[in-house]
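Taking it in order: structure first as structure tokens, then the write-up.
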Amino acid sequence: MTDNQVAGFWIRLGANILDGLIVSLPLTIIAGLITGNYENEPISNLIFGLYGILVPVYWNGYTIGKRMCGIRIRKFDFLEPPGLGTMLLRNLVAGIVYALTLGIGIIVSIFMVALREDKRSLHDFIALYMTRE
């Protein structure tokens, strides 16, 4: 994938699944062994959330799964990797929007990535419009 192409739904899903298997699953197992709680363990959830926010900032827009799939998170100008503010908006604010809409926002985002020519989803637009000066 070239630097100015955008990733579609399936490659994004694959990267998220890889991140879940490579990072989240071991975190959950380790935290479960320590705490005895394997379901919805808050420490592993927090660490995985921080992974999703901080790693792309410090690794030029990549997570492990995204690097393996050859995609990365970029700002709309395609030149810069996301900053901390962008990643917070993408993950936290979008997460709140998705929760408040009872998951309808996630479904809308899936359709946006699948049908829009630019493959942008709700969290992309939230980050764009809230970081404009």
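The values are calculated or read from the model by the stated rules, or taken from the named source; none is laboratory data. Worth saying up front: this structure is predicted, and the values here are computed from it rather than measured. Every residue, glycine among them, receives a Cβ derived from its backbone with ideal geometry; neighbour counts consider all protein chains shown. In case anyone asks, the SASA skips ligands and DNA or RNA and just uses the protein heavy atoms, side chains included. Shrake-Rupley method; radii C 1.70, N 1.55, O 1.52, S 1.80 Å.
What the table below lists for this structure:
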read-out: Cα-centre dipole for the chain with unit charges at Cβ (Lys and Arg positive, Asp and Glu negative), debye to 20; value: 200
read-out: Inter-label distance for Ile17 and Thr101, nm, one decimal - labels placed 7 Å from Cα along Cα-to-Cβ; value: 2.4
read-out: Extension reserve of the Leu54-Tyr129 stretch, reckoned as 0.36 nm per residue once the Cα distance is removed; value: 24.9 nm
read-out: Inter-centroid distance (Cα atoms) of the range 6-47 relative to the range 64-125, Å; value: 18
read-out: Within the accessible area of the chain (1.4 Å probe), percent carbon and sulfur; value: 68
read-out: Within the range 50-71: backbone nitrogen closer than 20 Å to the Leu84 label point (7 Å, Cα to C-beta); value: 50-63
read-out: Value of relative contact order over the chain, rounded to a whole percent, pairs C-alpha under 8 Å and six or more apart; value: 24
read-out: Kyte-Doolittle mean at least 0.0, axial Cα span of 20 Å or more - DSSP H helices of the chain; value: 42-58
read-out: Which of Met130, Asn40, Thr101, positive extreme of dipole for the chain (C-beta unit charges); value: Met130
read-out: Overall dimensions of the range 89-133 by Cα: Rg and Dmax, Å; value: 10.4, 30
read-out: Cβ crowding within 10 Å averaged over residues, with 31-39, 53-61 ranked highest first; value: 53-61, 31-39
read-out: Among Ile22, Ile73, Leu89 - extreme Cα towards positive end, dipole of the chain, charges at beta-carbon; value: Ile73
read-out: Accessible area (Å², per residue) of the chain, counting only protein heavy atoms and a probe of 1.4 Å; value: 62
read-out: For the range 7-101, alpha-carbon Rg and Dmax in angstrom; value: 14.2, 46
read-out: Sites Phe76 and Leu115, calculated FRET efficiency, Cβ-Cβ separation with R0 22 Å, nearest 0.05; value: 0.75
